Amino acid sequence: MIDATGTSLFHQTMPFTERLGIEVLEHRPELVRSRLAWDESLCTLGGALHGGVLMSLADATGAVCAFLNLPEGKQATTTVESKTNFLRAVRSGYARASSTPLHAGRSFIVVETLIHDDADKLIAKVTQTQAVL
């Protein structure tokens, strides 16, 4: 089920996510979930979703997770480090991202994002550090 409020939050704060067609499934401090449909326009010549598209899905989902875990009185974050391990390709269906906070401190928030396919196979694992602004 689509989380309309979360999807609107993504699209208003990160217009690029609307262009990619990212939909939010759930957003709360402990877990942010989103998905992106396979589309030929987002693929490499081999029909696999481009790695940059998957990284964009993870970065946006992780950014909202970090935002929802901001310390009181803080207003934003920015990605200062991101590491991605690609494990397999997405050639149809959806790429689904799930972000959870690993550390929510005063200066930095570390988020882990797992991307799965429709068969629930792990596609990529992303760890990113967000500076608290």
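Axis angle, to the nearest 10 degrees, between helix 4-13 and the longest C-alpha principal axis of the chain: 80 degrees.
Once the chain from residue 78 to residue 125 is taken as fully extended at 0.36 nm per residue, the excess over their C-alpha distance is 15.0 nm. Take the chain and mark each of the GluC sites (Glu not before Pro) that is in a DSSP loop with at most 16 other Cβ atoms within 10 Å; the longest unmarked stretch, sites excluded, is 73-133.
Each of 80, 64, 41 was placed along the dipole of segment 4-132 (beta-carbon charges, centred on the mean Cα), and the one lying farthest toward the positive end is 80. A simple charge model with +1 on the Cβ of Lys and Arg, -1 on the Cβ of Asp and Glu and nothing else charged puts the dipole of the chain at about 260 debye relative to its Cα centre.
None of the figures in this text is laboratory data; all of them are computed from the coordinates on show. Remember, predicted model here, so these are calculated numbers, not experimental data. Because the Cβ atoms are built from the backbone with ideal geometry, glycine has one as well, and the counts that use them run over all protein chains shown.
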